[in-house]
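Here is the structure we will look at, set down as C-alpha cells.
The values are calculated or read from the model by the stated rules, or taken from the named source; none is laboratory data. All figures in this text were calculated on a predicted structure; none of them were measured in a lab. FYI the Cβ positions are ideal-geometry reconstructions off the backbone, even for glycines, and counts take in every protein chain you see.
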Amino acid sequence: MKFVQLVGAAGMAGAVALPAAAPDLDADFLAAILAAPTPKTLGPEPDVYSSTVVSYNPTTVTAVVQSTITPDPTADAIKKRSVSPADKCAQNGWDCCPLPTGTLAVPDTAAAFTSYAAYSALATGASTPSNYQQAFSNKNGATQQVGYRGVFTLDSYNPSVCAAKCDADADCQAFNIYIERDPVLRPDYDVCQNPDATANIKCTLYGYPVHAETATNTGQYQGQFQILVAASNGYNKPYTAPTLENFNAPVGPLNGAIEDSHYYLYELYNDGPFSPASCAKGCQANTAWNKAHANNDGTYTACNFFNAYILYRDNNPVGTVCSYYSADIADPASKATNVGQYQGDVHVTVGESYTYTLTTQDNGGVSPVSSTGCANPGVCGTYQIWYMDNGGDAACGLDPDGNALCFVDMSCYGGPTCSTNADCTGGTKCLTQSCCGFSLCATPTTVCANSASRVKRALMGPEKRRAASTRRSDSDACTALSCPSSSA
C-alpha cells in the first residue's frame, strides 16, 4: 500500500504547541496534494479481459513521520486470477494469435464504431441497477482513475451483472460498463498490422465514485488497429462508512472537510480504494511515533480525532485525505466548512467526508493540573485554583469573548471541546484559557472564594493548606478581574 504523507506546520513529532491553521485547502496544501504521484494502474489495458485486485488491507500501512512515500510492501499488488489472452499471445511471440471475440455486431470501420446507433441505444436504454445512481451515460471513453479494482468481460450489455461484480467486492464504490473495439488477432507491426475487429463488453470496478470527467480513456493504436470505446455508462453506489476499532462511530457524510485549530497533520493515500481505515491506522501510528519521541517533559502530540475524505480534482478523485487533530471536536458538522475552491484553473472539491473520535482520549502525556501547576498564578486566564471551605476547588478562566468566569471542581476531561460559547449546551460555557492546553465546555458557578488568604493557601499547595474555617460572606465575593461577582 502506497501513501503520501504531507506534514503540516505543526506536524513534527512530539509537537505540543499547535500554531498551524486548520487544513483550509490553502495553496501549499493543494499544491502538495495535487503533485503527489498517481498509481501506475488507473484501469485495464485493452488486451486484459479479466482481472481482479487483491483485497485492500489498510493494516499493512505504517506511518513514518520522516517519510514522504512508503514503498509498496506488496510487490505484486495487482494479481490476475486467470491468465489473460495477451499472456498466452506472449508465449507465442505475439505472432497474430487469436484474442477473445465479443457477442455484439461491430461496424466495419473505426469511424463508424463510436457513432454506431445500436451501441448508443444499449447505453441510453440500460436500466440503473438497484441501489446505484447513474453518473454518466453513452460516453466514448472509459473511466481511468485511482482506486481501480479489476475488469470483467460480459456476454451482454447488462449493468446489473456488472453491479453484482461490484457488490461482491467490499472495496468497490462504482463501476463502468462499456463496449470496446478490439482486434480478433493480436496485432503485429509487420504481419497482421490491422486485423478484423470485434466488440467486447467490459465491466471495470473502482474504489472511488466515478464521474463523467473520469471517462477519458478513448482508446489507442496497436499496430495499425485502432482500439475505441463506445456506450460507456458509469454508476455509483451509496457509501457506508465503516466502524473502526478504537474509535467511536463515524459522523457523516459532512458537507466539507473539517476546519479546526487542533489540526496538526494530513496524509494522502491514493494506491487503493477510499479508506477511513487507513486514516485510523495512520492516526494511531503517528501518536505512537510521537510518544516514542516525546518532548523532554514527556509530552507529545496525540491524534484524538481524524477527518477522512475524498479530494477531487476536476471531479477526478485524487485519493483519501486524512486530517489529524489533537483534540475531539464536539460538533463536526459545524466545522465542516472546507468545501473546495479553484486552484488556478483546477476545481478542487471534497466528498465523502467522515470524522472519527478516538474512544479513549490520549492526553499527550500532559499531567492533570494541580494547585501549583500553572504558569503565572494569580493572573486571570491561567487556571488559578482556589480551595473553598466547602471542600470544592474553584478555578478562574476566560470565555471566547474575554469574559471572566468561575468554575467549580472542573477537570480537563470533564466536558467536550469548544471554540465558542455556542458550542456548549446545558448552561455550560466555553473556557478558552487554561492549563488544559485546549478549550472545553464547563459549568460556571457564582461561588468563587478567592480572598487573599485563600489565594495564599492555593499557592502554597495542598500539603501546607490550613484547615478549613467557617466561610465569611465578605470572603465569598469574586474580584472583577478574575470571576463574576456573587452574593453570600
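From the list 206, 157, which one is modelled with pLDDT of 95 or more, over 30 Å from residue 308 (Cβ atoms) and among the aromatic types (Phe, Trp, Tyr)?
Unique residue meeting the criteria: 157.
Tally up the residues in segment 221-241 that are assigned to a strand (DSSP E or B) and in contact with a Pro (Cβ under 7 Å, 6 or more places away or on another chain), please. Don't jump to the end; show me each part of the working.
Here is the first cut: in segment 221-241, the ones assigned to a strand (DSSP E or B) are 221-222, 225-236.
Okay, now just the ones that are also in contact with a Pro (Cβ under 7 Å, 6 or more places away or on another chain), so 222, 225, 227, 233, 235-236.
Total satisfying the criteria: 6.
Give the residue, chosen from 187, 209, 159, that is more than 30 Å from residue 241 (Cβ to Cβ) and either in contact with a strand residue (DSSP E or B) (Cβ under 7 Å, 6 or more places away or on another chain) or of a type outside the set (S, T, N, Q) (or both). Walk me through how you get there before you give the answer.
Values: 209 fails: more than 30 Å from residue 241 (Cβ to Cβ); 159 fails: more than 30 Å from residue 241 (Cβ to Cβ).
Testing whether each residue is more than 30 Å from residue 241 (Cβ to Cβ) and either in contact with a strand residue (DSSP E or B) (Cβ under 7 Å, 6 or more places away or on another chain) or of a type outside the set (S, T, N, Q) (or both) leaves just 187.
Has segment 123-134 got at least one residue that is part of a strand (DSSP E or B) and crowded, with 17+ Cβ neighbours inside 10 Å?
The answer is no, given that none of the residues of segment 123-134 is part of a strand (DSSP E or B) and crowded, with 17+ Cβ neighbours inside 10 Å.
Using the structure shown, decide if residue 259 is more than 30 Å from residue 418 (Cα to Cα) and either outside any strand (DSSP E or B) or free of Cβ contacts under 8 Å to residues at least 60 places away in the same chain (or both).
Working: more than 30 Å from residue 418 (Cα to Cα): no; either outside any strand (DSSP E or B) or free of Cβ contacts under 8 Å to residues at least 60 places away in the same chain (or both): yes.
It is false that residue 259 is more than 30 Å from residue 418 (Cα to Cα) and either outside any strand (DSSP E or B) or free of Cβ contacts under 8 Å to residues at least 60 places away in the same chain (or both).
Test of understanding: among 163, 121, 170, which residue is of a type in the set (Gly, Ala, Ser), at pLDDT 95 or above and closer than 24 Å to residue 272 by Cα? So that I can check it myself, show each step before the final result.
Working: 121 fails: closer than 24 Å to residue 272 by Cα; 170 fails: at pLDDT 95 or above.
Only one candidate qualifies: 163.
Collect the residues in segment 264-300 that are among the basic types (Lys, Arg) and closer than 21 Å to residue 310 by Cα, keeping them in residue-number order.
Result: 281, single match.
How do the pairs read when you match residues in segment 282-301 that are within 15 Å of residue 356 (Cα to Cα) with residues anywhere that are part of a helix (DSSP H, G or I), using Cβ under 9 Å and keeping only pairs 6 or more apart or on different chains?
Final answer for the pair search is 282/58.
Out of curiosity, is residue 248 closer than 23 Å to residue 327 by Cβ, in contact with a strand residue (DSSP E or B) (Cβ under 6 Å, 6 or more places away or on another chain) and surrounded by fewer than 18 Cβ atoms within 10 Å (Cβ to Cβ)?
yes
Going through 273, 317, 332 one at a time, which residue ends up being within 30 Å of residue 425 (Cα to Cα) and in contact (Cβ under 8 Å) with a residue 40 or more places away in the chain?
332
What are the pairs, 6+ residues apart or on separate chains, where a residue within segment 125-141 that is of a type in the set (Phe, Trp, Tyr) has its Cβ under 6 Å from a residue that is part of a strand (DSSP E or B)?
What qualifies is 132/235; 136/234.
Give me the residue from segment 198-255 that is of a type in the set (Gly, Ala, Ser) and over 24 Å from residue 318 (Cβ atoms) and, out of that set, farthest from the chain's Cα centre (by Cα).
223
Taking segment 290-311, which residues are of a type in the set (S, T, N, Q) and assigned to a helix (DSSP H, G or I)?
290
I want to confirm something. Restricting to segment 82-117 and keeping residues that are part of a helix (DSSP H, G or I) and loosely packed, with under 15 Cβ neighbours inside 10 Å, which single residue is modelled with the lowest pLDDT?
Among them, the one singled out is 90.
Starting from residues that are among the charged types (D, E, K, R) and over 23 Å from residue 366 (Cβ atoms), keep the ones in segment 256-310 and report whichever is nearest to the chain's Cα centre (by Cα).
Ranking the qualifying residues of segment 256-310, first place goes to 267.
When segment 312-338 is examined, which residues are found to be basic (Lys, Arg), closer than 21 Å to residue 422 by Cα and assigned to a strand (DSSP E or B)?
Scanning segment 312-338 gives no hits.
Within segment 149-174, work out how many residues are assigned to a helix (DSSP H, G or I) and among the aromatic types (Phe, Trp, Tyr).
0
How about segment 169-184: which of its residues are surrounded by 21 or more Cβ atoms within 10 Å (Cβ to Cβ), farther than 19 Å from residue 159 by Cβ and out of contact with any Pro (no Cβ under 8 Å at 6 or more places or on another chain)?
Result: 181, single match.
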